[in-house]
Structure formats: structure tokens, C-alpha cells
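The values are calculated or read from the model by the stated rules, or taken from the named source; none is laboratory data. Computed from a predicted structure; not experimentally measured. Don't worry about glycine lacking a Cβ; one is built from the backbone with ideal geometry, like all the others, and counts go over all protein chains shown. What goes into the accessible areas is simple: the full protein's heavy atoms, side chains included, and nothing from ligands, DNA or RNA. Shrake-Rupley method; radii C 1.70, N 1.55, O 1.52, S 1.80 Å.
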Amino acid sequence: MNRPNTRHKNKRPRSDESNSPSAAVFKKIHSSDGDISKSDIRQLYMVWKLPCHGCHGNTKDSPNCFCGLIPAANGIRKTGLWQKMQEIIRALGSNPSRDLRDSTDTPAGLTNLGATCYANSILQCLYMNISFRTGIFSLELEVLKKHPVLDQLSRLFAQLHSSKMAFIDSAPFIKALELDNGVQQDSHEFLTLFLSLLEQSLSHSKVPGARTIVQHLFCGRVSHVTRCSSCGKDSAASSKMEDFYELELNIKGLNNLEESLDDYFSKEALDGENQYFCESCQKRVDATRCIKLRSLPPVVNFQLKRYVFLPKTTTKKKISSTFSFPRQLDLGKRLSNPSSSCTYDLAAILIHKGTGANSGHYVAHIKDESNGQWWEFDDETVSKLGLHPFGEKPGKASNKVDHKVQGISTAGSLTDNNNNGHQEAAPTSTKVEMFSSTDAYMLMYKCTTKDDNATENNKIVEINNDSLPQHLLDEINELNASYLKSCEEYQSKKDSHLTYVNERRQEVKSVLTEAPADPEDDSYFWISTDWLRQWADNITPPSCFSPCSSIDNGPIQCEHGKVPASKVTSMKRLSSVAWEKLYLKYGGGPTLSSDDFCMECLKDGAKNAVSADVYRERKASLKNLAEAALSGNCPDGPYFISKTWLTHWLRRKNSDIPSDADNGPTSALRCCHGDLLPEDAPGAKRVSIPENLWLFLYETMNEKKADDIVTFPSDCQPCEICSQELSDVASVEGNLRAVKVKQRQKHEKLASGKSFTLHPGQKYFLVPSSWLSEWRAYITATGKNISSLPEPHTLEVVVSSLICEKHSRLLQRPLDLVCKRGSITQKMSTTVGLTVIPEYDWKLFSEEWSARPEKGISAEIAFSKSSQEKLHGPSEATPIVDGDRGKSLDDTNDDLGAREPYIRTDPEVCEECIGERESCALVEKLNYQNEDIHVYFVRGKEAPKSIKEACSKAVVVADRRTSKRSRRTSSGNSISLKVSGSTSIYQLKLMIWESLGIVKENQKLHKGSVEIEDDLATLADKGVFPGDILWVRDSEIYENRDIADEISEQKADMLQVEEGFRGTLLTSGVSVQLCQDITFSE
């Protein structure tokens, strides 16, 4: 059963205007000589239509429809007055109150200026240390003025302390240090250099607690002890003590902090080639070396060496193994003079998120000393963690709380048998709360109980007053007042704006509710629909925007200043109440009432309506005559018109009256001289039509385009000038056609484009394959192309361009020969190489294409005993002697298996110049950018034959869109990759790793049957061209790993020199040795 046709189911049928009520009114007006009644006005201006309710949109067919100007109840729009309130508020700008700090008990964050998270985390750790913070606040104003870094640090700490904002702008401080906020740096390096800078700057202060605050809080002392194994004496340098501000601990292969500390203080054996020269023994002896902890600071920083140096790539790689550390740490046992009361509590954890050493993100987890509350500082965001450093319920696998039994000394110690004073802790089991993390980078422990021996050189002057100095207090109060004022201003602006929006909405609703006028009411006004729509939908006050600054009824006026009926779809009929409200508030106009209908326009409309009816009736009556003229059944018609024009005229609907844009029926037949074009001219096809049809067309078109109508009687003669030009062109084309036919007949074999058999001993000539292809296209062109295709160049010029100036030899090679079934033919090409033609054709070409026969490139078929001998040139070839010329082809073919035929030319091929040209072309071809290559993933041991053949015959398809998405094939997956000639094999393998998931070390990459090796080589080095097809196999030798680690190492390897903080204020006053020590330790 056939399905019903529903294509035009919902299509609104076009009404017949000739039978519409408005057309009847216009006819009445025309017949009554302009007499218009009230009912006629109601009909023409559609006043009679009832006001509608609930339409989906505002209709143009009714001036009484005000639906759709505003959304339905609870409806919204994307823009304007009726959008969501949230969007209206968002347009006011950011709300500063969102950045309001809950209270000063909640720490404030710091803005990240791009890549300054490393500095933010360290600054928060320093600020949360009350002693350090108080020391900075106690600095003299004179010192702050002389040292910009101290000044900005004190201002920053003051804002963190008492600002009303939830986060503080760190830009002034970063600028004072001259840091590049777009470069990620190492937080440990920053802390070391920053403390050194502070130590120098603070030395100018006269406040005891502030001048040495860095040393008092962070500086401990160690000594490097070397002990002779023979005499048991320490070296003279062993008594020398050195300051330390952090302990750098190895974590590779170690599980927790205790193991790292054991490793740090372990003994190193000096033996073999590394023996120690003992001053007492006066000889090189075995010895031990270790670090002894002499004194501890109140705050101990443990720097975890998560970055290891890779000598092979000269880059750093992050160690992401889990590392455990306790909440409470007893460091008294680590002192050279052990103490039983030297306990440290975990105070802060600096965390590095990410897999790369030169990227990632730093956050800090810090304990508030006043209440034991832990906070996470992530730049601007500060989150409460509770009483545990990783939150009450850690959700990340990388950070967790672990209660376990650890071997930790809680009492007593053991002394070694050498009686050298080095003491080791006696382990006892106790339950200690442990924390584990794969990203912890720095640990800060704060001393809670200590004796005089443990901190004999680190007694700090306590400053109990944590309040701000007056100059900072005044500045903070001013900043807070300014911030609170901006919050109040924004709130006031928001409230007033929302009030205005609500008032505007109420105004629009009120006016539109009263807008519809009763159809029987004669007291109404006209208003532009465009103005009304903008007024109802625009959120901006009408006094501030254009064109709604005042009512604008100009677009709905006619040239007489009245309201034409033709504009009824662009205006609305307002009640007098609604009009008065709008006019009193906005003014403008002009005021167009119910009496402002335009009589002149109505009379013109009536005249046009009647004219249209007459035109439709006459066109319908003459339609058969026009169709007969087109079909050739009216040969005796007295007038010519354009055949194309008449066809289009018939296709138009009867209701379509000719407009000003229509061309005349004879405009296409008129030449540039104003006469009739010859019928053979392009677009000049004509038909003869009866006189009554011509008169109808002439009358109707002449009203619109009097200058474009030219009468051409059927006995009119074509323009002599145009006829002569066409005749000349036809004569030239005829002669050209005859010449081409003659050449096709003379060169029948060459014109066909088929290969022909070559015979040894015969003389041939060579022409470029590209020229022969152009010649073949030229002589076989027909129709319009017969005179449009350009002639090939003369052979004299072409042959001259084939000879090199340096050696007078050929710059192109002949195409290769093919021996098949006992016959010799030449390969075909239309673009490259030289093609063999018979001597007969060359002589004809010389006459036809202006060449001297003796200047041709002659050739003959010769034989070489092997392909190797062929490469040596014509001197190694076997010549064709007179005796051989008499041999039959069969006799010659018997020797083809032993001797290989080739083309011997005169002049010879210039291999030197061709080699240079090909080398340049190859270099240019390999110098490609952002081109596609294809890689197949082969799952077996060998690639299928189809893939190997495709690899050797890869062809670039022009303008073909390719996708990087992996595609399934019968043997595996295939992908397309964008590469350049400078892309290294290493980078290509990373792309394959990312797309196909094959680890770089497991990739066996091939082009054809040749494996591509050497990761440092480029695709150009390996001869990989655009469009080439490669295939890869997975050896599965190495385990899978994350590509992110490899990519981060690759990015680091691309950096020429790691600048660090070179060029900033942090290194301006720091010794070169300190910078080298930091770099070496990393």
C-alpha cells in the first residue's frame, strides 16, 4: 500500500488575492471614483478583527494582536527585560560581597597570578607561624621604607590577619620580588632563597626579636664527622659546625620519615680508592663519615627529595611513591647529645600535585597554632579540614590517615662499641598516628617540648602582642572601609536596578493589558510594531537608548504623512488609554489616529488592484498563444521576443505582476549597437509571437520600463557588424577544427594515447610527456572547448629547455621500458619523463610545431647484459650492428631474458644535473609542515601483504579530510597523525602511544619491510613523506605506564636551560655558592 503524501500537509495554502475581501473593496473604490465608507476602512485596515489571546507569537495579520510581545506568565527570554533575574544581576558585574571573609578566625587565601602557587603556599606556611608573623609585625617603619620586600611582606601579612576579604591580592609582593608570575618554580628553592633574603634584610632592624627571627626559628646546626677506623680519632674539621635551615631527605626506596632520617644520619664507609688520609696515622686509611645533629631549631623543615635527576635525558622526574610520616616526632634521640624531651608536632605539609617535575600545582595543609584546626590553602580557596591534616574523612587515595605500630624510641638509647659517642635509638613499639601521601613535598614540624641542650643557641624572644602596628592598622582599616563601601554601593545599585526592572515589567504589562481597542471603537491610535516591540523588551530606560527615546511612527507613514493600508502588517491599533500613557511619558510621534487613513494611497491601491485583475485575466487568455509560440506552432508571428524570457514569463504565477526588476522581453535580443543580435549569438534564441500577445506584453512592460522595450519585427535583419564578427569567429573555429582533424589523422597512434611496440634497430625521437599530453588534449577538444584551450608551446622552445647549459645534455630521463610477452613498450605518463615517438611523427611535428628536424632528440633501443651495466652508460651497452638489424623480432626476443633493453639517447642524459635537481626537490619535499601520515597497528608478528604494499605505494590524496580517531581494520587499528619533516621518531612514538596506547619502548615501527629506529632522527632523515603509510607492532616486553610522565619529561627536555630565579630579587644578594648548592640538591 502506498503511503499518503504528507509533504505539504502543514503548508499554508496561498490565498487568491483576486478573490479576497480587500480586493473587492479596492474594486468598489475604483468603480465609485474614490468613494470610501467606514466599513471599507475597517476591512482594509483589518479593524474588524477581534483581539486575540494566547497566541504562540505576535501575528502580523491582525493589528489587534498584542500576544508574544512579552512572554507568558512565568516565562523568560534569553535577553532583554524578561530574562532571568540572575542574568540581569550578572550584567551589573561581579559582586564584591562574594569575596567577604566570614571572620578573622577563618584564614584568607592568596590570588594566583598565573603560576605563583609555589610562592602562595610558602607564604601561608610562614604567616601561620605566629612567632614569625609577630616578628614581621614588630619591624620599624624606617626599616620597611628602606626594604621594599619587607614592606610588602608586612602589608601582605597584615591583610591576611585583618582584611575583610576572603583572599588577598599577592601582586604587589610578587612584583617587589621581580618574579615572573607566568613561570612555575620550585617551592623549596623559593623558600631557601627567600629566607636568605629575609635574613639579610632583617639584619638592619634593631628589634631583637625581629632581627634574628629567621635564624631563631629555622636555623639548626650539624657537623660532618670523619672518624679514622685505625686510631678512632675524628678529623680536625669534624668539630666545625654548620647551619642548616632544612634537612633534605631521600625518599627513593624508603617508606617513611624514620627510614629517611636513618638514611640521612647513616655512616658512609671511606675505603678503597676513597680512603681517608688520617693526620694522626699519617697515611690513607679506612674511615667512616656521618652527619651529627648538634642543635635543633623550634621549626624543622624536612625537604623530601621527590625529584630525581636522570643523567640520560638530563631532566628531573618525580617520585610518586607513598611516603608516611607521624603526627608527632621525637627528634631528641637524633641529637649528638640525646634528649628525652624534644618532641615535635606536625605543623604544615606542602603538597605538589601532578606528575611532572616542571609543572603541577602546590597547595599547603597547615595547622592553626591557636586551636589545632587544620586548613587547606589552595591559592584563593581556603578549606577547613578539621583536626586531621587530610580532613576528617580523607577521600583521596594519595593522602590518608593510618594508625599503625611504628618502631619509635620513647626512652633510652644505646651506645656503639667503638665508644665514639654516636648513639642509636633503642626501638620500642608504641602506637603513633601516621599519615601517608604520594604528593607530600615538604614537612614542617614545630617543637612542643624542648630542653636547654636541644636548643641552646635558639632561644627566641617571645612577642606576646599579636596586634598590628599603628601604620599597618590604619592601612588595613582604610582598605576594609573601601571594600565595605564597594559592597554597599553594589548592593544599593543592585536593589535600585531590580526595583527599576520590576517597575518596567509592571509598566509594560499594564500598557499591554489596556492596549487592545474594541473593534467597534472609533477612538484608537496607530503605533509602529517595531517601536512597541523594543519598548516592551528592552531593559534599558527609554530615555537612555535609541530608537526608543521617543515614539517613532515614521516607518508606518506614507509619503503623504498618513497611514497607508499597505503598512497594516507593521503597526498595531492602540486604545486611547494605552496611547495616552505612552505619549505622556515618552512623547514623539507623529500621532496617527483613526482618521489618518490616506485617501491618495487607497486610490492608488484600488487602481493597482484593478490593473492586477485585468493583467491576470488577459495573461490567462493569452497563455495558449505563448505555449504555441514556444513549441514552434506560430511561425508566422510578426514579432520576435526572447525565448528564455517567454519561458520564465509562463512559469510565473498569474498573480505576479511584472515589477521594476524584470527585464524586457527583447532586452536579451538587442546587441551593443542597438540592433537585433544574430540568432547564433549566445543567449539570443528567439521565438515569433502573434501581434495581440506582443501588444499585451508591450503595454504591461512599457509601464515599468519604457526604455528597455525595443520592437523587433519578424522581418528585421540582424546587426551586420555582429553577424560579421560571428562569421569571422566561425571561420577561425572551422579552420582550427580542420587543422586538428588533419593532425589526428596523421598521428593516429599518438592521438589515441595507447602504447605501441618498439623495435631494436629503428630510430625514434623523444618529446616531453607533458607536452605530448597537452597536444593530445588540444587536438581532441570539441564543442566550446575547441577554441578555449591554449596551443601547446612550439617544439623548438620545448626541446631547447631540455638541454643543460653546462654539459649540453638532457635534463630529463626517458620513461622506462616494459618487456612483456616478447614485445618492448614504454611506460605511459602525462606529467614526467620523455616519451618515445616514431621518426615519421617527429618529422610531421617539426613542420606543424615549428621545430628543425635535426635539432630533435634521437633515441634507439639498445641492450645491456645486466641492470648494473646499464647504469654505467651507453659505453657499456651492446650496440646494434648491421647484422642484427636483419634479425626477426622473435630472434631478438630470445635474448631478452639475458639482456635488458633500455633507451640510448643522443644527446646523453646528464645524470649530474638531474641528480642535483632531484636532491633539491627531495629536500623541498621533506621540508613539509602539518601533513598527514597513516599508521596501522598490526596485531600479528608480520604486517599483511596489503599493508606492506600500501606502505610502498602511499599516495597523497589532495583535499581529503582525515581524522585522528582510531579506526578498526581487519588486522588492527589505523590512525592519521599530523606531522612535519622535523618531527622526531621519539615524538612520533609519543603520538602513537597517546592514540593507540602502545608504550614507546614496545613499538616496532616499520615503513614497508624496513624497521624505523633511532629516536633522535627526524621523519625527513628516515624518508617519511606526507601521505606515507607506516605500521607498528607491540612487542609487549615492557609494562604499561602513564604517558603523562613521559610527556612531562619531554617538555622538560625541550627547555634549553632551567633559569630558576635568575634575574629576580631573590638571587641579587645571594652568593653563587648557595644557588649552586640549591641546584645540586634538586
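Summary of computed values
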read-out	value
Simple label model, 7 Å out from Cα along Cβ direction - residue 829 to residue 987, nm	3.2 nm
Environment charge of residue 564, counting only residues whose C-beta is closer than 12 Å and scoring Lys/Arg +1, Asp/Glu -1	-1
Cα coordinate range in region 717-776, projected on the principal axes (Å, largest first)	65, 20, 17
Unit charges on C-beta of K, R, D, E only; dipole of region 144-188, Debye	300 debye
Inter-site label distance for residue 803 and residue 912 at 7 Å from Cα along Cβ, in nm	1.8 nm
Residue 524 accessible area, 1.4 Å probe, all protein chains in place, Å² to nearest 10	10 Å²
Pairs of lysines in region 76-215 (C-alpha under 28 Å apart; 8 or more residues apart or interchain)	7
Segment residue 74-residue 106, extension gain: residue separation times 0.36 nm, minus the distance between their alpha carbons	7.4 nm
Area of residue 99 that stays accessible when all protein chains are in place (1.4 Å probe, Å², to 10)	50 Å²
Inter-part distance where region 356-383 and region 759-836 are each reduced to a Cα centre, Å	78 Å
Rg [Å, one decimal], Dmax [Å, integer] - region 207-324, C-alpha atoms	18.0, 54
Global form of region 95-187, assessed from the alpha-carbon gyration tensor, a/c cut-off 1.5	oblate
Residue order for 741, 1024 - accessible surface, 1.4 angstrom probe, largest first	741, 1024
Theoretical gain in end-to-end length, residue 145 to residue 130 [0.36 nm per residue, Cα-Cα removed]	3.1 nm
Exposure of residue 383 as accessible area (Å², to 10), given a probe of 1.4 Å and all protein chains	40 Å²
By accessible area with a 1.4 Å probe, ligands and nucleic acids excluded, highest first: order of 746, 146	146, 746
Top positive-direction residue, dipole computed over region 234-331 with Cβ charges, set 254, 308, 323	308
Qualifying GluC sites (Glu not before Pro) in region 242-279, DSSP loop, other Cβ atoms within 10 Å at most 13	279
Difference of contour (0.36 nm per residue) and Cα-Cα distance, residue 631 to residue 337	93.6 nm
Dipole of region 352-391, positive direction: furthest Cα of 388, 377, 363, with charges on the beta-carbon	388
Where 586, 840 fall by accessible area, highest first, once all protein chains stay in place (1.4 Å)	840, 586
